[in-house]
Amino acid sequence: MERRFNLRLSGPRAFGALGGVLLAGLGAPARAADAAPAAQSAQAPVNIEEVVVTARRRTERLLDVPVAANSLSAQTLARYATADLTSAGAQIPQVSFDHVGSGSGAIITIRGVGSASVDESIEQEVTVNIDGVSISRGRVLQQASFDEASIEVLKGPQALYFGKNSPAGVISITSENPSTSGFSGYARTGYEFDSREYYGEGALGGPITDTLSARLAFRASQMDGGYIRDVGGPITAPAQLPGGLAAAGITLPGSPYTEYPGNQDLAGRLTVVFKPNDRFDATVKALASDHRDRGDGMDFVLYSCAPGETHTKSIDYLTFGAVTDPYSVCNTSQNHQRVNSEGTIPAAYAAHYPDSNGGIPYTEVKTYLASLTMNYRLTDDLTLTSVSGFYKFTQNQFSDYDFTDLAMAAGVNDDGQTSYSQELRLASSFHGPLNFTAGAFYGYDKRYFYQQGFIGYFGADPTTGLTNDFASDDFFTGSTYSAFGELNWKIAPDLELAGGARVTEEHKTGNTGQTFVTAYLVPFQIAAPVGKRFIGAFNDSNVSPQVTLSWHPAQDVMLYAAYKTGYKSGGFSAPGIIPATATVQNQEFAPETVTGYEAGLKFSRLDHRLTGDIALYDYTYHGLQLTAFNAATTSYFTQNAGTAGVHGAEVNLSYAATPELSVHGSAGYNHARYDSFDNSQCWTGQAVAQGCVGGVQNLTGAPLSRAPDWSLLGGASYDHPLSGLRGGYSLGVTVDAKYSSGYFLATNNNPYGWQPDYWTMDASLRVHNGVWDFALIGKNLTDTFYAVAGGDRPLGQAGDTIAELGRPRQIILQITRHF
């Protein structure tokens, strides 16, 4: 059944009308009296705004938390029209959150440590915690981000406070709660000119009774264009067609779209807070999100082609030759173009290709998330907290995965997950030297992965009539039981020792199998027999301790040192083509652990006008879980590296030079290298002379992928009253620049997939008065061409690599009305 690619939003006119209503209030005298106090108060303080975080599941000043962390407030998120985690990651040093096609759907990296995306079964190195619900699946990046109170990034292993172990760090997202003093909210509309994307967003909340309050928020967006242009077209000449199509007299249609990705989002969240007395409160949050685009892998570009080639070629397994895509554009160091020539399969093939949506590429991700957080103060010094979580997503898609107009590796990759979690936590706040936090966590999830694959135009299978070449389905379950606790001892008023651990039991099952292989592929003996199931159980346990010593030698100055550990369970790979040599044992991958040390300094000086922090760290990862990709068969699997060492330093500074001008800067050096990795997969076409021996290469001493050595971020904000404009308006200007040194795009360190160092620059110009906010926002104003992820091109030659790019220049007009 064909899926309609339309969210049925009310369209640009509705957003335009909303913008007209907002604009009408710019000079309204009735608002001037309300606006003036807000504008004046914005000029009064000279000090940097104090940042509070919940890194230890209680509200504390960032200055007092012995953890390397960055926080983005609601004001910061709105300043750059941040509506997804990918954009948020661009504002934080040593961090990247990037959506990629297929597999898990994302790569989330902190300090150079992250899980590649191509194996759907792998969990991320970085846990995303949304309103108390921990999520380790990459598809969370395709969920709209809106009406957030803050986004906190905690760097390094986080074993104790976020449900499950997280070896590289945690992204903690807290949405806004309703006001208890009166109804308040906002309405926002905006338009991005390059991709022709318009959006509307709003929230309203307040007290319903003396004990009950609620807030309703929504976001809707639609991209009529895109930022990757498709320059392909139909291929009709028999000499240019794959052998199977030429013999059958079938031509290739090209792409149904001229631009990608064409995102559409619709999301809403309801928050209800019940507080009958000072002893008890309960907060319910429920979110639903629908994301759609024009194909999960359709916005990739050819990052490089085989040396000497002007157009890329794809392997044709029917003729054992190669077919050239006449439209393909090979990027080089001198020729950077945000174009591709993605195509799709002919209608005659799509008619007998299950779930191919008539050959029209598409993606749809539906997400449902709910949490119930209850706090009961047993005494004035003891609080019992319960956090119940529910998370579900379903993802359906069809895309071209040889990334050419030939569409010789098109595929269906549908997956979904349903998770339940429950945490109980007891925390003390005694006035004496000893305090504690203790609790237990239970999590359960079940997942499926359903694939229909295609690696050539062999024709209809003689028995079934199907035109796809293979199919598989995978079913996984996981149960996590853990107990955790930390004891805090005030050795002296200015000296605290904290020690704790999380004890974890993991139980997983995997049931994978090939459900179809076309008769034409059987002679190649690359796939396991149809009907053979690989059923396994994985059980593991772990103890992750950590100890932290923090000292306040002076007011608003803290020094800390910590020993930290982390853990991520093993599991089962989910390749599209299950190899003929597969066994339950070789489809498993082992657990991953991390141990190391961190030390830091945090301070606030000059009457809080200068704040900063310095962190030094040294961690060793054992059994780092990496995904490898076999470009010849378009199949992938997860393997464990021996060990990897990550050490470095990070500095963050903010300074309020005047009441109107503040500056900030960050610098991070991160040395991430494989200490032992002698069985890495080779890159496509890698010769013995280039280090590929027996199908593997030795990457010991080489850098981890997507791990730049240097990350720099700096900027300034200026806010000045506009005395000549009615309504108490101010002019706000913000400028930020970010630098990254070079890095490899793929885990096999293919030299053709090297991203050189680059700069980007963002800026925003605002006219605001506390009620109205008119903003012109620019992102990547330098229009820098850079890749965030990539790898060997399926069915390609040596030197063929594909990449997902960072977004080009964006110019956004945004209007917000607060009330």
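The values are calculated or read from the model by the stated rules, or taken from the named source; none is laboratory data. Fair warning: this is a prediction, and the values are worked out from it, not measured in the lab. When we count neighbours, we look across all protein chains shown, and the Cβ atoms used for this are built from the backbone with ideal geometry, even at glycine. Just the protein is used for accessible areas: all its heavy atoms, side chains included, with ligands, DNA and RNA removed. Shrake-Rupley method; radii C 1.70, N 1.55, O 1.52, S 1.80 Å.
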Which residues, taken from the stretch 663-687, are modelled with pLDDT of 95 or more and more than 26 Å from the chain's Cα centre (by Cα)?
Val663
Mind checking which residues of the stretch 292-311 are in contact with a strand residue (DSSP E or B) (Cβ under 7 Å, 6 or more places away or on another chain) and at pLDDT 90 or above?
Arg292, Asp293, Arg294, Gly295, Met298, Asp299, Phe300, Val301, Leu302, Tyr303, Ser304, His311
Could you list all residues from the stretch 439-478 that are within 30 Å of Leu160 (Cα to Cα) and open to solvent by 40 Å² or more (accessible area, probe 1.4 Å)?
Ala440, Tyr442, Tyr444, Lys446, Tyr448, Phe475, Thr477
Unmet criterion (only one of (1) open to solvent by 50 Å² or more (accessible area, probe 1.4 Å); (2) among the β-branched types (Val, Ile, Thr); (3) within 34 Å of the chain's Cα centre (by Cα)) for Val301
(1)
Among the residues that make up the stretch 744-754, is at least one of them in a strand (DSSP E or B) and either touching a residue at least 60 places away in the same chain (Cβ under 8 Å) or over 30 Å from Val696 (Cβ atoms) (or both)?
no
In the stretch 349-373, which residue that is in a strand (DSSP E or B) and either touching a Pro at 6+ places or on another chain (Cβ under 7 Å) or open to solvent by 60 Å² or more (accessible area, probe 1.4 Å) (or both) is nearest to Val128 (Cα to Cα)?
Tyr368
Out of the residues in the stretch 175-192 that are aromatic (Phe, Trp, Tyr) and in a strand (DSSP E or B), which is most open to solvent (accessible area, probe 1.4 Å)?
Tyr191
Those residues of the stretch 134-177 which are in contact with a Lys or Arg (Cβ under 9 Å, 6 or more places away or on another chain) and charged (D, E, K, R), in sequence order:
Arg137, Asp147, Lys155, Lys164, Glu176
Taking Glu423 as meeting all but one of (1) in contact with a helix residue (DSSP H, G or I) (Cβ under 7 Å, 6 or more places away or on another chain); (2) open to solvent by 10 Å² or more (accessible area, probe 1.4 Å), write down the number of the exception.
(1)
Quick one: which residue in Phe436, Phe476, Phe458, Phe449 is in a strand (DSSP E or B), farther than 22 Å from Gly513 by Cα and not charged (D, E, K, R)?
Phe436
Somewhere in the stretch 703-712, is a residue in a loop (DSSP other than H, G, I, E, B), open to solvent by 30 Å² or more (accessible area, probe 1.4 Å) and at pLDDT 95 or above?
yes
Checking Arg766 against (1) of a type in the set (Lys, Arg); (2) part of a strand (DSSP E or B); (3) closer than 30 Å to Thr638 by Cα, only one condition comes out false. Which one?
(3)
Positions within the stretch 193-227 being open to solvent by less than 20 Å² (accessible area, probe 1.4 Å), more than 18 Å from Asp147 (Cβ to Cβ) and part of a strand (DSSP E or B), in sequence order
Tyr198, Met223
Any residue at all in the stretch 122-133 that is under 14 Å from Ile173 (Cα atoms), open to solvent by 10 Å² or more (accessible area, probe 1.4 Å), part of a loop (DSSP other than H, G, I, E, B) and modelled with pLDDT of 70 or more?
yes
Any hit, the stretch 518-537, residues being of a type in the set (Ser, Thr, Tyr) and under 28 Å from the mean Cα position of the chain (by Cα)
no
Subset of the stretch 135-174 [of a type in the set (Ser, Thr, Tyr), surrounded by 24 or more Cβ atoms within 10 Å (Cβ to Cβ) and closer than 20 Å to Ala74 by Cα]:
Ser172
Identify all residues within the stretch 374-408 that are charged (D, E, K, R), under 20 Å from His431 (Cα atoms) and either in contact (Cβ under 8 Å) with a residue 60 or more places away in the chain or open to solvent by less than 20 Å² (accessible area, probe 1.4 Å) (or both); write none if there are none.
Arg377
